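Beneath this line is the structure, given in structure tokens, with notes to follow.
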Amino acid sequence: MEDVTKKSDESRLRYVILQETFTLQNKLTIPKIGLGTWQSSPEDAYNATKFAIQNGYRHVDTAAAYKNEEAVGKAVRDSGVAREEIFVTTKVPAELKTYQEAVDSIDASLKKLDLGYIDLILIHAPRPWKIMGNNPENKDFYLENIDVWKALEEAYLSGKVKSIGVSNFDQKDLQNIFDHCDVKPMVNQFVYHIGRTNEELLAFCKDHEILVEGYSPIATGRLLDNNAVKTIAEAYGKSIPQLSIRYLLQKDILPLPKSVHEEYIADNAKVDFEISEEDMKKLDALQA
């Protein structure tokens, strides 16, 4: 019988980055790369999560809106790796903007994941998705987000979740939370990739000791057709996804590459190289 544990240990040693962590405000450590599961069916999310964990990944990102929390939780339990070694993130749906809805959502996620606790839970967006980017009345949902944040704070203080944060929040959305919170957001997850950076928001988060997580680090595949990025990647003997992931890491951003293919999941962790300062500047200068 194949020794999966030994194989996993060997795989993990090959990908040093998977052993590295960032440290949150509350001193909780979080693995530097996470497996994204957006748009993954339950079956695909289960297989991808289980494979990733057995090959060294220790961080998985899901959300209630993805409708695959149960599959992710089962994959963690079936992986053969101790629960406390795995960091699992989920999110309260953007449409839920009352305290009680948030409480119920957190409890539902706990039940679906069935892992005893959640490592990190985020407010998925400051406004419901249907008006994100199309908000003619300019409704800010500041009061609603304060109510939802109180539910996250209570879950954190009770031990149901180990850390709390937000997603897709800009400076004004974050300041609103700062002005009314007892526990500050520890993470802000938003889209960040070569050609689409937000240096002002990144700096704001760093000034407030908020870890930035970057989703869609490969621009949902659009960077694969970028010749300028391809030229730089080839100079390092790396793929465009590997260069894109490394780019975020060198900015102290936690990348969340998503794939359901075993080959790509493994390749996305092979980022133990250094992009030169000159090439980082070239990548910074690229436009979407």
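So the values come out like this:
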| item | result |
| --- | --- |
| Where Thr89 falls short, out of the listed (1) surrounded by 15 or more Cβ atoms within 10 Å (Cβ to Cβ); (2) over 20 Å from Ala75 (Cα atoms); (3) not basic (Lys, Arg) | (2) |
| Residue in region 263-270 that is farther than 23 Å from Gln19 by Cβ and under 17 Å from the mean Cα position of the chain (by Cα) present | no |
| Lone unmet requirement of (1) crowded, with 19+ Cβ neighbours inside 10 Å; (2) outside any helix (DSSP H, G or I) for Ile232 | (2) |
| Residue check for Lys282: touching a residue at least 24 places away in the same chain (Cβ under 8 Å), among the basic types (Lys, Arg) and in a loop (DSSP other than H, G, I, E, B) | no |
| Scope region 193-215; condition closer than 29 Å to Glu84 by Cβ and touching a residue at least 40 places away in the same chain (Cβ under 8 Å); matching residues | Lys206, Glu209, Ile210, Leu211, Val212, Glu213, Gly214, Tyr215 |
| Qualifying residue in region 142-154 (condition: modelled with pLDDT of 95 or more and on the phi > 0 side of the Ramachandran plot) | no |
| Every residue from region 94-128 that is surrounded by fewer than 18 Cβ atoms within 10 Å (Cβ to Cβ), within 20 Å of Asp173 (Cα to Cα), under 20 Å from the mean Cα position of the chain (by Cα) and not charged (D, E, K, R) | Pro128 |
| Check on Asp173, acidic (Asp, Glu) and either surrounded by 19 or more Cβ atoms within 10 Å (Cβ to Cβ) or at positive phi (or both) | yes |
| Test: Asn188 is among the polar types (S, T, N, Q), out of contact with any Ser or Thr (no Cβ under 6 Å at 6 or more places or on another chain) and surrounded by 22 or more Cβ atoms within 10 Å (Cβ to Cβ) | yes |
| Close pairs from region 40-62: first touching a residue at least 12 places away in the same chain (Cβ under 8 Å) and at positive phi, partner surrounded by fewer than 22 Cβ atoms within 10 Å (Cβ to Cβ) and part of a loop (DSSP other than H, G, I, E, B), Cβ under 6 Å, at least 6 apart | Gly56/Tyr15 |
| Of residues in region 54-91 being outside any helix (DSSP H, G or I) and aromatic (Phe, Trp, Tyr), the one nearest to Glu262 (Cα to Cα) | Tyr57 |
| Neighbours by Cβ (under 6 Å, 6+ apart or cross-chain): first from region 240-267, surrounded by fewer than 24 Cβ atoms within 10 Å (Cβ to Cβ); second modelled with pLDDT under 95 and in a helix (DSSP H, G or I) | Ile240/Leu223; Ile240/Leu224 |
| Region 193-212 - residue that is among the hydrophobic types (A, V, I, L, M, F, W, C) and in a loop (DSSP other than H, G, I, E, B) and, of those, farthest from the chain's Cα centre (by Cα) | Ile194 |
| Among residues of region 103-146, those that are touching a Phe, Trp or Tyr at 6+ places or on another chain (Cβ under 8 Å) and in a helix (DSSP H, G or I), counted | 1 |
| Options Phe169, Phe190; residue that is under 19 Å from the mean Cα position of the chain (by Cα), modelled with pLDDT of 95 or more, farther than 18 Å from Thr23 by Cα and assigned to a strand (DSSP E or B) | Phe190 |
| So Ala151, is it in a helix (DSSP H, G or I) and closer than 16 Å to Ala102 by Cα | yes |
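The values are calculated or read from the model by the stated rules, or taken from the named source; none is laboratory data. A quick note: this is a predicted structure, and the numbers were derived from the prediction, not measured. For neighbour counting, all protein chains shown are included, and Cβ atoms are generated from backbone atoms with ideal geometry for every residue, glycine included.
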